[in-house]
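Novice: A single structure is presented below for examination.
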Amino acid sequence: MNITVQEPGFRDSVDHLFNRAVQFMDLTPGLIEKIRVVNSTYTVRFGVKLRGDIVTFTGYRSVHSEHAEPVKGGIRYSLSVNQDEVEALAALMTYKCALVEVPFGGSKGGLCINPRDWEPDELERITRRFAFELIKRDLINPSQNVPAPDMGTGEREMAWIADQYRRMNTTDINARACVTGKPLDAGGIHGRTEATGRGIQYALREFFRHPEDVAVAKLSGGLEGKRIIVQGLGNVGYFAAKFLSEEDGAKIVAIIEFNGALTNPDGIDVEAAKQWMMQNGTFEGFAGGVFQHEGAKLLEAECDILMPAAMESVINATNADRIKSPLILEAANGPVTAAADEILNSKGTVIIPDLYANAGGVTVSYFEWVKNLSHIRFGRMQRREEEARHRMLIEELENTAGIDISEKFKAKYINGADELTLVRSGLDDTMRGAYAGMRELWHSRRSTHADFDLRMAAYVIAIERVASSYRSLGL
């Protein structure tokens, strides 16, 4: 198969998918344009005195849509950060939040930096100065713009940003809600670190609950034994691969990293591989698999599920035709370009889109934001009351029916839900509800429109919800 498709840039790729989706909708040209465009992008250049000299850094914060506020989106640290990238990611955040019914607009930020080049104390000074520049323009604010971790950032950086906001807004009682993805002792929430990976697990589980959908991907059965190739063993790829292998019986047959790949047809011990990678910086020498220097080629290897979980545009016009996996789950933001999407669709490849699959992070970020505003831990008010009612029921059953209920069942049933249990329950419910809407629209349209796939269903639902918000605002 030889399909020649011109490869757009990341921002243009998102716009191309948006333009495809609105063709299936009845929206006025003016409303389409209002939803599509990025509202604003702030570029900041600031200096920090480091190692005896002043070093200038460039950062961005883009706001795509304020149909709902605050706007939400991560801050990434990478040398590849640029305006085109943050605007594309901000747009994806708008559509993602709308799809899973999280009441945020879309935003994204980034700092053009390699965090590995700096010591922790230097990185803290850089982060605090970047945060200062954004905070004083209300581009970090609990009610206006709420960042979160992204590539190259984590709990540590979010704690620094939250503390910087508190120092600049000493009387703001909701200061902790200015950012999500914080450590637990700084106002974070149980389950946030694993959230995106856990959401991916729930997304795949939901897909495999529907044999009709699985059959479209030319697969059968459940997740047990399915061969998965994961590209990227960062936070997202690690947790997704760990949960799918340990809890669902899937086989992680290859893990691709920037400096090589690990393969094992019998399945890789994800936890052991992660620990080895953290200690050695490479998979080379790991006894639980075969190391390959040319990792990118494994994107084209045979498997049941391909899971790109790192950078955008890794599946593009140059390699899409050689992708053999019948099912792709977009664990990262924008890993399949618009050109590749067209090629893969023509081959019958099923893609579970990033708008849906990657939404676990922002969903649990929403829970953390609500927790910070309410100033109380989830489960604190009702957990022990639930346990008391469950215990009373068990005792009544044993007394009146004359039966002995096993201690194992009692231990599981009596325990009231703690914060982590409630977070996972809320995330699972979100992923199930979003997929139900997507698949209903997908199957209702695909019989008459061959190019109407799960991605188009996700975009149409998201865009309609944004449009509805603008209509209610009088636009």
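The values are calculated or read from the model by the stated rules, or taken from the named source; none is laboratory data. Being a predicted model, the structure only gives us computed values, none of them experimental. Because the Cβ atoms are built from the backbone with ideal geometry, glycine has one as well, and the counts that use them run over all protein chains shown. Heads up: the accessible areas ignore ligands, DNA and RNA and are worked out on the full protein's heavy atoms, side chains in. Shrake-Rupley method; radii C 1.70, N 1.55, O 1.52, S 1.80 Å.
Novice: With every protein chain left in place, what is the accessible area of LYS251 in Å² (1.4 Å probe, nearest 10)?
Specialist: We get 80 Å² for LYS251.
Novice: Using amide H atoms built in the peptide plane, which far-off residues or other-chain residues are under 5 Å from LYS226 H to H?
Specialist: LYS251
Novice: At 4 °C and a viscosity of 1.567 mPa s, what translational diffusion coefficient does Stokes-Einstein give for segment 104-237, taking Rh as the Kirkwood radius over Cα pairs? Give it in µm²/s as a whole number.
Specialist: The calculation lands on 75 µm²/s.
Novice: Let me ask you something else. Based on C-alpha coordinates, I'd like the Rg and Dmax of segment 346-475, in Å.
Specialist: Considering segment 346-475 through its Cα atoms, Rg and Dmax are 21.9, 66 Å.
Novice: Next question, about the same structure. Which whole-number value in Å² is the accessible area per residue of segment 328-422, probe 1.4 Å?
Specialist: In whole numbers, segment 328-422 has 47 Å² accessible per residue.
Novice: Compute the orientation-averaged projected area for segment 32-77 from the convex hull of its Cα atoms and round it to one decimal in nm².
Specialist: 4.2 nm²
Novice: Further, regarding this structure: VAL55 to GLU386: extension gain in nm, 0.36 nm per residue of separation minus the Cα-Cα distance?
Specialist: 113.6 nm
Novice: Sort 205-215, 275-285, 138-148 by the packing proxy (mean of other Cβ within 10 Å over each peptide's residues), most packed first.
Specialist: Listed from highest to lowest mean packing, they are 138-148, 205-215, 275-285.
Novice: Same structure again: Can you give the log10 of the normalised intensity I(q)/I(0) at q = 0.13, 0.16, 0.21, 0.24 Å⁻¹, computed with Debye over equal Cα scatterers of segment 255-341?
Specialist: Debye curve over Cα of segment 255-341, log10 I(q)/I(0) at q = 0.13, 0.16, 0.21, 0.24 Å⁻¹: -0.43, -0.65, -1.04, -1.24.
Novice: Okay, moving on. Please give the length that would be gained between SER425 and THR400 if that part of the chain were fully extended, namely 0.36 nm times their separation in residues minus their C-alpha to C-alpha distance (nm, one decimal).
Specialist: Full-extension gain reported as 5.7 nm.
Novice: Same structure again: Restricted to Cα positions, what overall size does the chain have along the principal axes? Three whole-Å values, descending.
Specialist: Reported extents, whole Å, longest axis first: 76, 63, 59.
Novice: Separation of segment 269-334 and segment 230-254 by C-alpha centroid, Å?
Specialist: 10 Å
Novice: Expressed as a rounded percentage, what relative contact order does the chain have, with Cα pairs under 8 Å and six or more residues apart?
Specialist: Value for the chain: 16 percent.
Novice: Next up: Beyond 19 Å, how much of the Cα-Cα pair distribution for segment 143-214 remains, as a whole percent?
Specialist: Percent of Cα pairs beyond 19 Å in segment 143-214: 46.
Novice: Compute the distance from the alpha-carbon center of segment 399-471 to that of segment 1-65, in whole Å.
Specialist: Result: 30 Å between the Cα centres.
Novice: Across 10 Å bins from the origin, how do the percents of Cα pairs in segment 251-301 run, short distances first?
Specialist: Percent of pairs per bin, in order: 30, 61, 9.
Novice: When 1/r is averaged over all different Cα pairs and the result inverted, which Kirkwood radius in Å belongs to segment 37-181?
Specialist: 15.0 Å
Novice: Per q in 0.19, 0.30, 0.31 Å⁻¹, report the Debye log10 I(q)/I(0) for segment 377-436, using one uniform scatterer on each alpha carbon and no solvent.
Specialist: So the normalised log intensities work out to -0.77, -1.13, -1.16.
Novice: Could you quote the convex hull projected area for segment 48-130, Cα atoms only and averaged over all directions, in nm²?
Specialist: Over all viewing directions, segment 48-130 projects a mean Cα-hull area of 5.8 nm².
Novice: Let me ask something additional. Return the calculated 222 nm mean residue ellipticity for the chain, to the nearest 500 deg cm²/dmol, obtained by summing -39500 (n - 2.57) across DSSP H runs with n ≥ 4 and dividing by the residue count.
Specialist: -14500 deg cm²/dmol
Novice: Could I ask something else about it? Let me see the P(r) profile for segment 297-413: every Cα-Cα distance counted, bins of 5 Å, each bin given as a percent of all pairs.
Specialist: Bins of 5 Å from zero give 2, 10, 14, 13, 7, 6, 7, 8, 9, 10, 8, 4, 2, 1, 0 percent of pairs.
Novice: Here is a further query. Tell me, in nm to one decimal, what length is gained between ASP117 and LEU79 on full extension, where the rule is 0.36 nm per residue of separation less the Cα-Cα distance?
Specialist: That pair, ASP117 and LEU79, stretches by 12.6 nm at full extension.
Novice: How do 235-243, 72-80, 439-447 rank on mean C-beta neighbours within 10 Å, highest first?
Specialist: 235-243, 72-80, 439-447
Novice: Continuing with this model, one more query. Bin by bin, in steps of 10 Å, what percent of the Cα pairs in segment 196-257 do you find, going until the bin that has the longest distance?
Specialist: 24, 53, 22, 1
Novice: Of the DSSP beta bridges with both residues in segment 55-191, give the percent that are antiparallel, rounding to the nearest 5.
Specialist: Given both bridge residues lie in segment 55-191, the antiparallel proportion sits at roughly 45 percent.
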